[in-house]
Amino acid sequence: MTQITLIINGKPVSAAIEPRTHLADFLREWRDLTGTHLGCEHGVCGACTILVDGIPVRSCITYAVSCDGAEVVTIEGLDDDEITRELREAFKREHALQCGYCTPGMLVSAYDLVVRSRNADEHDIRVAMSGNLCRCTGYVGIIRAIRSVITARRDRDIAAIVGGVRRSVGPAGSGHASIQAREVSVRRAVHAPLTERAAAAEPKPPMDRDWTPQVAFDQKFVVNYPRQQVWEMFGRVRDVAACLPGTSLIGEPTPEHVEGQIQVKIGPITAEFRGQAEIERDESSYSGKISGAGSAIRSNSATRGMISYHLVPGPDGQSTEVVVTIGYTLTGMLAQFGRPSIVQDVAARMTAAFANNLEARLGGEPVARPSSGADGVINAGSLLFSVVSERFRQLFSKIFHWRN
């Protein structure tokens, strides 16, 4: 027998069990949580789907001992959750259930999708829900129900948590639950909203003020507005973030601290970095510094960055030159895309996009994000393509010039 301790629906539970006991059997037979249904028992049908550390998991093929210390939420634990309540109403309204056997797993997977999805694209919903099988409905009502909830929440300005609470690569429950998440879970009641718990449990990378970047380079651009006006704009964190392609804030920023996330697409790879930054400003010299750290939710990569800027008035007093120094360190899977020459070229294009957005914002015009996709994600793949194309153009130009 093996002793385990879990947080199940907000309550700590300890038990001595056989190592071969599946999590679904433990929940049903030991805890009487029979809302978790067993169908295929091969991890195919999705009826047994629950949340382990906020991530949907097939409990019929997950050993309970592998989840020691993790937070487990079953369909019973979602009774009073706001998102699940909206999903239940939508499922009834759209006739998205018949026999109901698959419904608990459907609702758990749908909950996770509503938390993460920026928009209600039908194709994306079908792909995301393809691991939950139903033999009754034909799926049409299910897709309509989930889509309606996502649309309604985004229309109410409830932002998606990109990536959900995925913090590292590896099987859910296999030792990835942070101590902080466990402590938060013990303190909270079972009916606390899961989105709130997910945000509280998200680990924050430690800030190191003595950190030295591996690579640093300079950029500069001119904004056709007076220095004082640009300086005041730089002090409004939300306005500045709105000018950065692919960027969104988490919570309410302060003049000294901000938390946020940025999503970058490189070909088929989508990297979602989440982190925090400290902001320093010196009005006497019209200069500032932003130091941040973050981690990619899915690719097990991490980054540290530093941006220092200095505002120089133009000769006519009606324009401002922004001199920027950028430093960074990138580790993990995505470091292969972090070669200084490539990053510097991509940064130059992003800086140009930021400058254009900044001018639009200062002029009260809508911000356009030319380096972002329709969903606001930075498409670094297209940026890299333009970088490589430009280098080939320069190379061929040199070759033909030499021949002539």
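FYI, it's all coordinate maths here, none of it is from the lab. As the structure is a prediction and not an experimental result, all values here were calculated from the model. Backbone-built Cβ (ideal geometry, glycine too); neighbour counts: all protein chains shown.
Using the Cβ-Cβ distance between Val127 and Lys92 with R0 set to 41 Å, the FRET efficiency from 1/(1 + (r/R0)^6) comes to roughly 0.95. Residue separation of Gln214 and Ser287 scaled by 0.36 nm, minus their Cα-Cα distance, works out to 24.0 nm of gained length. With 0.36 nm allotted per residue and the present C-alpha distance subtracted, the Cys99-Glu232 stretch has 41.9 nm of extension available.
Among Arg28, Arg154, the order by Cβ neighbours within 10 angstrom, fewest to most, reads Arg154, Arg28.
When only the Cβ of Lys, Arg, Asp and Glu is charged (+1, +1, -1, -1), the dipole of the stretch 108-151 relative to its Cα centre reaches about 80 debye. Here the residues Arg58, Arg126, Arg153, ranked from fewest to most Cβ neighbours within 10 Å of their Cβ, fall in the order Arg126, Arg153, Arg58. Model label points for Trp30 and Asn224, set 7 angstrom from Cα along the Cα-to-Cβ axis, are 6.9 nm apart. In units of the rule-of-thumb radius 2.2 N^0.38 Å, the stretch 1-133 shows an alpha carbon radius of gyration of 1.05.
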